[in-house]
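Visitor: Got a structure for you, questions after.
The values are calculated or read from the model by the stated rules, or taken from the named source; none is laboratory data. Predicted model, so just to flag it, every value in this text is computed and none were measured. Positions of Cβ are generated from backbone atoms using ideal geometry, with glycine treated the same way; all protein chains shown enter the neighbour counts. Accessible surface is based on the protein model in full, side chains and every heavy atom, while ligands, DNA and RNA are left aside. Shrake-Rupley method; radii C 1.70, N 1.55, O 1.52, S 1.80 Å.
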Amino acid sequence: MTVRTRIAPSPTGDPHVGTAYVALFNYCFARQHGGQFLLRIEDTDQVRSTRESEDAILKSLKWLGLTWDEGPDIGGPHGPYRQSERSAIYREHCDLLLERGHAFRCFCTPQRLDELRKVQQSGGQTAGYDGLCRGLSVAEAQSRALEGESHVVRMVVPRTGTCTINDRLRGTIEIDWVQVDMQVLLKSDGLPTYHLANVVDDHLMGITHVLRGEEWISSAPKHVLLYSYFGWEMPELCHLPLLRNPDKSKLSKRKNPTSIVYYERMGYLAEALLNYLGMMAWSMPDEREKFSLDEMVKAFDLSRVSLGGPVFDQAKLSWLNARYLRENLTPEQFVERVRTWALNTEYLGAVVPLVQSRIERLSDLGGLAGFFLQGTVEFRVEDLVIKGLDQEGLRRALQFTAWRLDEVTPFKSEPLGLALRQLAELCGVKAKDFLRPIFVALTGKPVSTPLFETMTVLGRDLCRARLRLAIEALGPMTAKEEKKWRKELDGVG
Ligand code: GLU
């Protein structure tokens, strides 16, 4: 049997280090067995998926050196590798399940489902579909569907007994079927949900081993059932432990930068980041901490994966990165790395229009634009002020900004300008005054190169990280403030 693994990211945000971590393990496992590693884009969530995010994910994984044998960019014998291009395949498979009585059409309205959820919640029950439409005759369901009545297709799930999942790392996991919802497989727009698309694709793409994050364990019963409904052999499941913040909570961008782009822009070397991700949940047989991707491939062994929550610790990563800078690069190679990192035509080319008309001598460049080459910047807390706002108002304004910056797409000067001006209005201050602490947080100075263009060049990740430092310097947001402020911001849409 040829081992075939895959990474199946959903293109709904920044390329996440967790995706790279799971990709790395899949890559090593496949390569070690002389097998293949695939990349599939799971863009079934049409609202949240973007091509911008897909491109960024592919670029980041390539930067890390995790190459795939089949994927949306290079094709392959099992394509297309983007789920949005495979709708007909899912519909056919869904029809098969309907024919065999493993799925049923559900005509319940969103209002009914809402009410049901409320009743269940107030009664302390687990929320889930109650099976009402399961009682419809096939003939009735078919004729209502033919008449064009809006409906979804749900899978039949037993209401008694226990589902057994075999996990390569965790052994047998048992989940009672009553805990498993009668999952929607096909939405009312005829597009599949993650579960149907994921199972159909893993099978059709010949995936033999599914290595993915432990957050998917609860989905496994639905997948086990779908494989048995289709009469297909199940790939081997292996749920990897999730990366954690130093406080052991699930790694999240609120507490820790999670985007691969951030680490690239901060000047971590791809091989150091990859090495560090390899140390998460896995260790070399000789416990050595510094190793290359090839060395990891050679030594990779799932039995050395440990289940304790691996902590993603930036300080440790920096320590490892420093070792790579010191020990692995000749001065010439070092120069080359600095070039590819930021002293390249593309990056400098983006900075130049912002500085060329603002300096008298080339040597003014460092003073004016040095922050473009920094990770974080130093600022004076006294410079973080907004005329007309007290400390709380200022903290609220900066937090609003942090949230909005996460939502602005594309991260370009025009939409950024629009979003920030809107926030100024919401906070009842002049845009010029509102922008001042943002200048300070991002550049270290109250006045600098044009803000929105500067933000575009710095990119979302560095902006987020710098803004967060400013917010922390003023006193981090409390849970109560978070709730209140989020409501206030969401209220204005
Ligand atoms: N699209 C899922 C994700 O975003 C894939 C989960 C899986 O590997 O089955 O992680």
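Visitor: Given the residues 458, 474, 489, 469, which is the only one that is crowded, with 20+ Cβ neighbours inside 10 Å and under 22 Å from residue 433 (Cα atoms)?
Guide: Checking each option against the conditions leaves just 458.
Visitor: Taking residue 184 as the residue in question, decide whether it is buried (at least 16 other Cβ atoms within 10 Å of the Cβ) and closer than 30 Å to residue 303 by Cβ.
Guide: Values: buried (at least 16 other Cβ atoms within 10 Å of the Cβ): yes; closer than 30 Å to residue 303 by Cβ: no.
For residue 184, the condition - buried (at least 16 other Cβ atoms within 10 Å of the Cβ) and closer than 30 Å to residue 303 by Cβ - is not met.
Visitor: Can you pull out the residues in segment 114-137 that are open to solvent by 70 Å² or more (accessible area, probe 1.4 Å) and among the hydrophobic types (A, V, I, L, M, F, W, C)?
Guide: Once the filter is applied, which keeps residues that are open to solvent by 70 Å² or more (accessible area, probe 1.4 Å) and among the hydrophobic types (A, V, I, L, M, F, W, C), segment 114-137 yields 119, 132.
Visitor: Right, something else. Among (1) in contact with a strand residue (DSSP E or B) (Cβ under 8 Å, 6 or more places away or on another chain); (2) farther than 25 Å from residue 54 by Cα, where does residue 216 come up short?
Guide: (2) is the only condition that residue 216 fails.
Visitor: Among 329, 320, which is the only one that is open to solvent by less than 40 Å² (accessible area, probe 1.4 Å), under 30 Å from residue 281 (Cβ atoms) and not in a helix (DSSP H, G or I)? It would help to see each step written out before you state the result.
Guide: Details: 320 fails: not in a helix (DSSP H, G or I).
Result of the check over 329, 320: 329.
Visitor: Quick one: residue 431 ticks every box in (1) in contact with a helix residue (DSSP H, G or I) (Cβ under 6 Å, 6 or more places away or on another chain); (2) within 26 Å of residue 52 (Cβ to Cβ) except a single one, so which number is it?
Guide: (2)
Visitor: Which residue out of 196, 269, 204 is modelled with pLDDT of 95 or more and closer than 30 Å to residue 334 by Cα?
Guide: On the way: 196 fails: closer than 30 Å to residue 334 by Cα; 204 fails: closer than 30 Å to residue 334 by Cα.
Selected residue: 269, the only one of 196, 269, 204 that is modelled with pLDDT of 95 or more and closer than 30 Å to residue 334 by Cα.
Visitor: Can I ask one more? Residues 449, 443: which one is over 26 Å from the mean Cα position of the chain (by Cα), open to solvent by less than 40 Å² (accessible area, probe 1.4 Å) and at pLDDT below 95? I'd like the intermediate steps shown before the answer.
Guide: Working: 443 fails: at pLDDT below 95.
Testing whether each residue is over 26 Å from the mean Cα position of the chain (by Cα), open to solvent by less than 40 Å² (accessible area, probe 1.4 Å) and at pLDDT below 95 leaves just 449.
Visitor: OK, next. For the list (1) assigned to a helix (DSSP H, G or I); (2) at pLDDT 95 or above, I need the number of the one condition that residue 119 fails.
Guide: Here residue 119 meets the rest and fails (2).
Visitor: Only one of 445, 412 is farther than 23 Å from residue 12 by Cβ and among the charged types (D, E, K, R). Can you tell me which? Walk me through it before giving the result.
Guide: On the way: 412 fails: farther than 23 Å from residue 12 by Cβ.
Among 445, 412, only 445 is farther than 23 Å from residue 12 by Cβ and among the charged types (D, E, K, R).
Visitor: Residues that are open to solvent by 10 Å² or more (accessible area, probe 1.4 Å), away from the ligand (no atom under 16 Å from the Cβ) and free of Cβ contacts under 8 Å to residues at least 12 places away in the same chain: which helices (runs of 4 or more DSSP H) entirely in segment 194-300 hold 3 or more of them? If you could, list the steps in order and put the result at the bottom.
Guide: Numbers: elements: 194-204, 220-230, 260-265, 270-279, 293-299.
Answer list for segment 194-300: none.
Visitor: Consider segment 332-350. How many of its residues are over 28 Å from the mean Cα position of the chain (by Cα), within 25 Å of residue 448 (Cα to Cα) and surrounded by 12 or more Cβ atoms within 10 Å (Cβ to Cβ)?
Guide: 3
Visitor: If residue 140 satisfies every condition in (1) in a loop (DSSP other than H, G, I, E, B); (2) of a type in the set (D, E, K, R); (3) open to solvent by 70 Å² or more (accessible area, probe 1.4 Å) but one, which is the exception?
Guide: Condition not satisfied by residue 140: (1).
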